[in-house]
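Data first, discussion second: the structure below is written as structure tokens.
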Amino acid sequence: MLLSPAILALILVSVTVSLMLLLASGFAIQIITLWDINSGSEQQLVLERRTYLISTLLTWAFVAELVSLLLFVYNAESMSGQFVGAMCATGVLNVNVWGWPTLFLKMIVFFSGAAWLTLNYLDNQGYDYPLVKLKYSLLLLIVPLVIAEFVVQLLHFQEMEPDVIVSCCGSLFSSESESVAAGVAGIQPRIAMLAFYVSGLAMLLSGVWFLRRKSGGILFAVMGVAVFVISMIAIVSFVSPYIYEHPHHHCPFCILKSGHDFAGYFLYIPLFVAAVLALGVGVISPWAKVPSLAASVVKDAPRLAWLSMALFAMVYAMSTWMVLSSSLTMQGVWW
């Protein structure tokens, strides 16, 4: 295993977060089996006090997972010079079979953690904690994901061999490759662009409907997640070639480099945050009929929807500007 401060930090974060969630899972089982808000017993009072401690620990744990996701991508990018054939993070992720699964697991844990924190925030607004059993039941589903992320990441680092020749982003995203990435890169730019803008319009309409009718929050969340996926595909398929000004360069990581003005950060950061906020609308809005939560739902859900739409609009504005300002012209894209 290639040891570096970043790798050691990633392992330490994963170990710490895994231990914290295992500790929280034991408390979650107690909540599910013993919680009774109508009881004035000493046991109930102890559980109520401990919920604040556990919630704080979980907040820091999921924030650490966000930092871990960012650090993992940064570390993969910075290690690209240590492997023959690697030009960016893509080559490092291809050094063994565990690289890409680690990245995807970190993304899944990030979104799961954000959804849980949103549900936890809402539950804490109610005087009777009406969602406490639900949120701790969901926590038990997240724990295996965190453990799996730790194991897969450890295998990825352990099986790194510096003398292995890896595939660069050019070969992975080329039309000759049979990988999923090549299939995404091979989507016709015109089709990807049409799906990108049409899905954005549909998401915007669902957001307007939610804000005006005070219903359809789950639909807006589904549309937000769909737009996130389609946007990631669109960045690979047609946005990145315009940034590189090369029709066959589709790497989603090279746009993070200084040579391309760190363009990727202006796309990925608002895109991830917008998707999290849209997901939050779907988490919050179904509980408007719970008396102790109604006021919080009415106040917070529209705010999340507005912020989500604003950030999605930023992604679309930046993508459009990057395409229009590029010197590359691909026939049959805009017409």
ask   = Being crowded, with 17+ Cβ neighbours inside 10 Å and in a loop (DSSP other than H, G, I, E, B), is that true of even one residue in the range 276-292?
value = no
task = Tally the residues that are in contact (Cβ under 8 Å) with a residue 12 or more places away in the chain and more than 18 Å from VAL283 (Cβ to Cβ), restricting the search to the range 98-119.
result = 7
query = Looking at (1) touching a helix residue (DSSP H, G or I) at 6+ places or on another chain (Cβ under 7 Å); (2) touching a residue at least 24 places away in the same chain (Cβ under 8 Å), which is the one condition that is false for PRO241?
reply = (1)
inquiry  = Can you find a residue that is more than 17 Å from ALA24 (Cα to Cα) and either surrounded by 22 or more Cβ atoms within 10 Å (Cβ to Cβ) or of a type in the set (A, V, I, L, M) (or both) anywhere in the range 108-117?
reply    = yes
inquiry  = With the requirement that a residue be buried (at least 18 other Cβ atoms within 10 Å of the Cβ) and small (Gly, Ala, Ser), what does the range 66-83 give you?
reply    = SER68, ALA76, SER80
query = If only one of ALA202, ALA234 is small (Gly, Ala, Ser), closer than 30 Å to LEU93 by Cα, part of a helix (DSSP H, G or I) and not assigned by TED's automatic domain parsing to the domain that holds GLN125, which one is it?
reply = ALA234
note = Of (1) without any contact (Cβ under 8 Å) to a residue 12 or more places away in the chain; (2) touching a Leu at 6+ places or on another chain (Cβ under 8 Å), LEU71 satisfies every one except (1)
key: the range 303-331, residues that are in contact with a Leu (Cβ under 7 Å, 6 or more places away or on another chain) and either more than 23 Å from GLY224 (Cα to Cα) or surrounded by fewer than 18 Cβ atoms within 10 Å (Cβ to Cβ) (or both)   = LEU307, MET318
ask   = Residues that are of a type in the set (Asp, Glu) and in the same structural domain as ILE147 (by TED's automatic domain parsing): which helices (runs of 4 or more DSSP H) entirely in the range 1-115 hold 3 or more of them?
value = 42-78
request  = Considering every residue within the range 122-136, establish whether at least one is among the acidic types (Asp, Glu) and surrounded by fewer than 19 Cβ atoms within 10 Å (Cβ to Cβ).
outcome  = yes
message = Considering only residues that are surrounded by fewer than 19 Cβ atoms within 10 Å (Cβ to Cβ) and farther than 21 Å from GLN188 by Cβ, which ones fall in the range 221-267?
response = VAL222, VAL225, LYS257, SER258, GLY259, HIS260, ASP261, PHE262, TYR265, PHE266
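One line per residue, one yes/no per condition, for (1) touching a Phe, Trp or Tyr at 6+ places or on another chain (Cβ under 6 Å); (2) more than 30 Å from PRO162 (Cα to Cα); (3) hydrophobic (A, V, I, L, M, F, W, C):
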{"residue": "ILE29", "(1), (2), (3)": "no, yes, yes"}
{"residue": "ASP36", "(1), (2), (3)": "no, yes, no"}
{"residue": "SER41", "(1), (2), (3)": "no, yes, no"}
{"residue": "PHE62", "(1), (2), (3)": "no, yes, yes"}
{"residue": "LEU69", "(1), (2), (3)": "yes, no, yes"}
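The values are calculated or read from the model by the stated rules, or taken from the named source; none is laboratory data. Treat the numbers as computed from the prediction; the structure is a model and nothing was measured. Heads up, the Cβs are rebuilt from the backbone with ideal geometry, glycines too, and the neighbour counts pull from every protein chain shown.
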